[in-house]
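Input: a single structure, listed below in structure tokens.
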């Protein structure tokens, strides 16, 4: 069925640890039994045989938060047997980020497969300036013979759901359980206190860094910070009250968020690391829907325009390598990513003097400029900056696929 899809671009898939765990254990907040682990291994094996390029994990999201390292190792070994990699949204990207990197490296070592760390970053003002520690950990692993790469989106803000600010144990067992717990005054008070303490660790007085991207029940909140929304509700201008507003929003309907909390210096230092690919970490954008993170419109163009031409953080040649041959080689696509005879013609023609992102945090729904032509599998898909209507994209399969 997948082979019959008409795609504009090429698509490959990883098998998600969270999806596998939920299929076998639901939202259970515990270690799997041996029987459950065997079932999870079987699902990963089936996905790899179907053509997945590796195993992914999202360890700040339920149910991934409940998984311990040995569980990840067991499943990674299955992906490794099919020549897949382990791509991870690590367990922590702020105070405990070095622990999270060590865990990812351990999964790769004991699982016998390459590690791809997704969108490496340092969140929270209290962590700014620690990039050397992170990159040294990764480079030391590489020097010891381990295959490790990273990717990054070129912005100082992240984006995920508002509920990630709530402790995972309070969210266990689904929305009904969350509502029941927060209906208890003592629990709600403790959750609010933990959120304020987390804010204080960021050296902030208000939740101004947390901006709503999409809140379906009230779109007037889109593009506004929690601090602003709290004031719109005529509530006291206090962090504790803003925390209560966060809980009210989550109970009504979880919100998509943009979190401003990274250092531009750290972004540039991570960008200079040679084994770093350019990524967007974005879903497909719906034109004029919400106020989403601009990375869904501008990541690659921003690197080429802002960080290559204007800031000179990377050379043009190096930036192109990060977008083409490095990801192709990392994910095992041996006939893509280079302009060579016999390779698939996935080609972008752009003007280095004019390529630029136009999408901003305030006005994200703007397309990048300077991209003139795009060929997908040898067919012209973009001509003079306009889509031709050609849909010649393909499903790309991992080396473990069995027909």
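The values are calculated or read from the model by the stated rules, or taken from the named source; none is laboratory data. Remember, it's a predicted structure, so these values are computed and weren't measured experimentally. With ideal geometry, Cβ positions are generated from the backbone for all residues, glycine too; neighbour counts draw on all protein chains shown.
Of the residues making up the range 236-273, those that are free of Cβ contacts under 8 Å to residues at least 12 places away in the same chain and either within 20 Å of residue 90 (Cβ to Cβ) or in a helix (DSSP H, G or I) (or both) are 241, 248.
Return yes when residue 367 is in contact with a helix residue (DSSP H, G or I) (Cβ under 8 Å, 6 or more places away or on another chain) and either at pLDDT below 95 or over 27 Å from residue 82 (Cα atoms) (or both) and no when it is not. Reasoning before the result, please.
Details: in contact with a helix residue (DSSP H, G or I) (Cβ under 8 Å, 6 or more places away or on another chain): yes; either at pLDDT below 95 or over 27 Å from residue 82 (Cα atoms) (or both): yes.
So residue 367 fits the description; yes.
Would you check if residue 395 is free of Cβ contacts under 8 Å to residues at least 24 places away in the same chain, in contact with a helix residue (DSSP H, G or I) (Cβ under 9 Å, 6 or more places away or on another chain) and either crowded, with 18+ Cβ neighbours inside 10 Å or not assigned by TED's automatic domain parsing to the domain that holds residue 211 (or both)? No. When residue 320 is tested against (1) closer than 30 Å to residue 148 by Cβ; (2) in contact (Cβ under 8 Å) with a residue 40 or more places away in the chain; (3) crowded, with 17+ Cβ neighbours inside 10 Å, exactly one condition is not met: (2). Scanning the range 179-186 turns up no residue that is at pLDDT below 95, assigned to a loop (DSSP other than H, G, I, E, B), assigned by TED's automatic domain parsing to the domain that holds residue 250 and surrounded by 16 or more Cβ atoms within 10 Å (Cβ to Cβ). Residue-level analysis places residue 225 among those that are in contact with a strand residue (DSSP E or B) (Cβ under 7 Å, 6 or more places away or on another chain) and under 30 Å from residue 307 (Cα atoms).
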